Amino acid sequence: RPVLSKMRARSRDLARNNEYVRKYLDLLKSNVVGNGFNLQVKAVDTVGKLDLSGNQAIESGFRRWGRLGNPTVDAKMSWADIQKFVIESLARDGEVIVIKHRGARFKDGYAIEFLEPDQLDEEKNEKLDNGNEIRMGVERDKFRKTIAYHFLTYHPGDYDYTTKTVSPKHLRLPADRVIHIFKPLRAGQTRGEPWMAAAIPSLKQLGALREA
């Protein structure tokens, strides 16, 4: 917990300024995602045969939803862009946070929003009266099942023009509204660490060696 934000910051610094890390992230997007993953439906009809027309209709609808401007609330990404963003964020930040939104304003009534991991408050750790505990912003029950997430109202680096200070308020979202993607390395782990965490010192020195 004490070093998560530092690891993330150093990883981001390398992603911006180190040519090896920049190439690594580009290779992840091109070799893991490529042109992107698409939906393939294999539903069957009442007699057990593939429902070709129904499957094609669903797949066509998904492709339309995945066009640029539809899948995200800010209308800035396509479905392929989303996948590349996720793999790069996973490697650089160690985790990806997706908020699910529903409503008539979105294409087919559904869109997603990305939040930076900084907004999931790693400093919020407490025991609740109902027996749940919050660890680094993640609320869990006694079986370690995630119940909710506690987000800062504002990104820690943003300025709150309402109160003229960085807002300390939290927003609690139930787990079914959030997709939290990370690779767990230890039992009970609640937050993800950057994939290149172990290589940060070596990559920094390698970049300095080339510069020298």
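Laid out as a table, the results:
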read-out: 0 to 90° range, to nearest 10: angle between helix 79-93 axis and the chain longest Cα axis; value: 20
read-out: Relative contact order (%) - the range 4-121, alpha-carbon pairs under 8 angstrom, separation at least six; value: 23
read-out: Using alpha-carbon coordinates, inclination of helix 4-17 to the longest axis of the chain, degrees; value: 80
read-out: Solvent-accessible area, 1.4 Å probe, carbon plus sulfur percent, for the chain; value: 53
read-out: Dipole in debye (nearest 20) - the range 1-109, about Cα centre, beta carbon charges: Lys, Arg +1; Asp, Glu -1; value: 400
read-out: Set of lysines with alpha-carbon distance to K127 below 26 Å, sequence-local pairs under 8 removed; value: K6, K142, K145, K169, K183
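The values are calculated or read from the model by the stated rules, or taken from the named source; none is laboratory data. Not measured: the values here are computed from a predicted model. Ideal geometry is used to build each Cβ from the backbone, glycine not excepted, and the neighbour counts take in all protein chains shown. Side chains are part of the model used for accessible areas, which takes the heavy atoms of the whole protein and leaves out ligands, DNA and RNA. Shrake-Rupley method; radii C 1.70, N 1.55, O 1.52, S 1.80 Å.
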